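Okay, structure first, notes after.
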Amino acid sequence: MGSTAAKRRTAEPARLRAHLVRVLARVDRSVDSVIRHPQASPEVLHDLHRDLRRLAGGLVVWARVLPRREAIRLEPLVPRARRLARLVGRVRDKDVTIDLFARHARAGDDREETARVQRFLMRLRDDARTGRELLRAFLKTERERGLFSEIGTFLGRPPARGPAARLHLLLAAEAAERHAKVRKARAKARRRPTPARLHRLRIRVRQLRHFADLVAPVSPEAVGRVTPPLRRLQGRLGRLHDLDIALATLDPELHGTAWALRLEAGRRRMRQQARADLARIAKGASTRPTSPGDPSS
């Protein structure tokens, strides 16, 4: 048993590299798609947004097992990947707002209100098209500057000597820290579920899930379970965040329209459901890192 675990840990750096190479390949394909098709679909941007975040987080871990000289050269690439993820996220937010308003249309809505909403949506679609064009330019620039090929080069670099045990300890320590951040954010949100605290909890759970996705093919025993209730809560908080963004985007003249009132009612329901989820999780579900040999892992 001990020998099997030792062999698995020895293979962890290779598994981490293979996982990151796959993520980079997905990013590369999505970038190609956006460059070839300036008005990329929301689905392509969603996948690119997710994979860029995962790639940036994985590179932080990979830098920790490289020789120090190589790690110093890799580190500046991480903020560039994160900046691209933020740019994609801004365009994605506009897509979500457009979709929410389109889905909340009703046949019997007031004609004057409908005209105002349609003008707002036309402007928002223009903004989304412009955002896609700017994003395409940034992606082309980063590709020409060699961001993705440089990342691929560093993923091909050999780790420092004896990285396996160090990587295992690093992943376990990082997992413990991320679980602790989720517990802290969950406790604060349960005591006083303000929009800011719910948003912080969503981010903490998302970061934990991305880390768990990274670790699962590398060292599954180093990170604890992200429980199904916590996953469902993250999804609900994500939808609540989308409603927050959509309502914050509204022109002043649209406040009080049937569209805005329906979105407000949906947000209230979503917030109540999120509070109920938080209470249920506090009673039963837990988030904790499982140690190697823990029977629950």
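The values are calculated or read from the model by the stated rules, or taken from the named source; none is laboratory data. All values derive from a computational prediction rather than experimental measurement. Methodologically, a virtual Cβ is constructed for each residue, glycine included, from the backbone with ideal geometry; neighbour enumeration extends over all protein chains shown.
So the values come out like this:
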read-out: Exclusive hit being closer than 21 Å to Val65 by Cβ, buried (at least 17 other Cβ atoms within 10 Å of the Cβ) and modelled with pLDDT of 90 or more, set Leu171, Leu167, Leu155, Leu201; value: Leu155
read-out: Arg83 vs. criteria modelled with pLDDT of 95 or more, surrounded by fewer than 21 Cβ atoms within 10 Å (Cβ to Cβ), in a helix (DSSP H, G or I) and not aromatic (Phe, Trp, Tyr); value: yes
read-out: Where Trp259 falls short, out of the listed (1) under 30 Å from Phe120 (Cα atoms); (2) free of Cβ contacts under 8 Å to residues at least 60 places away in the same chain; value: (2)
read-out: Neighbours by Cβ (under 7 Å, 6+ apart or cross-chain): first from region 62-74, within 11 Å of Pro159 (Cα to Cα) and among the aromatic types (Phe, Trp, Tyr); second at pLDDT below 90 and in a helix (DSSP H, G or I); value: Trp62/Leu16
read-out: Scan of region 33-47 for residues that are aliphatic (A, V, I, L, M) and more than 12 Å from Leu135 (Cα to Cα), ordered by number; value: Val44
read-out: Residues satisfying the stated conditions in region 9-52, i.e. polar (S, T, N, Q) and touching a helix residue (DSSP H, G or I) at 6+ places or on another chain (Cβ under 6 Å); value: Thr10, Ser30, Ser33, Gln39
read-out: Any pair with Cβ under 6 angstrom, 6 or more apart, that starts in region 138-159 at a residue that is in contact (Cβ under 8 Å) with a residue 60 or more places away in the chain and ends at one that is charged (D, E, K, R); value: Leu147/Arg80; Phe148/Asp28; Leu155/Arg17; Arg157/Glu70
read-out: His49 vs. criteria free of Cβ contacts under 8 Å to residues at least 60 places away in the same chain and in contact with a Gly (Cβ under 6 Å, 6 or more places away or on another chain); value: yes
read-out: So Ala137, is it of a type in the set (A, V, I, L, M) and more than 22 Å from Leu52 (Cβ to Cβ); value: no
